[in-house]
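Notes follow the structure.
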Amino acid sequence: MLAIRLRRTGSKKRPFYRVVVADSRTARDSSFVEIVGHYNPRTKPAKVDINRERIDHWVGKGAQLSDTVRTLLKNHLTSPASAAEAASASARGASAAKPKSMRSTNMRALSAILAAR
């Protein structure tokens, strides 16, 4: 079975990953079928460059996404529709996301902690 997973490259203490299609039975850094992207966690924000068309191609052929690659796709590669939703949510502000009762509860807890000092 094929798996789409991360292959670690880079030197010691300086990780850099390739997103590869590989046989699930092979070792993490051994042979692979195709490189479909790169992931650099050291940059702020982390740089993710994945060819979404090739991912869809291999998933269509039966490849399974690893948990980490699935998370990378979900968090860093959003569709235009979901990006528009995120922009409208940020326009409403963070206070609209929480009910008012939760904010007041958190403020009371914070005030109690600060008063105890």
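Each value in this text was obtained by applying a stated rule to the coordinates, not by laboratory testing. Note that the structure is predicted; figures quoted are calculated from it, not measured.
General observations
- Restraint check, 12/61; 12/74; 12/44, Cα-Cα greater than 23 Å: 12/61; 12/74
- Pairwise inverse Cα distances across the stretch 1-78, averaged and inverted, put the Kirkwood hydrodynamic radius at 12.6 Å.
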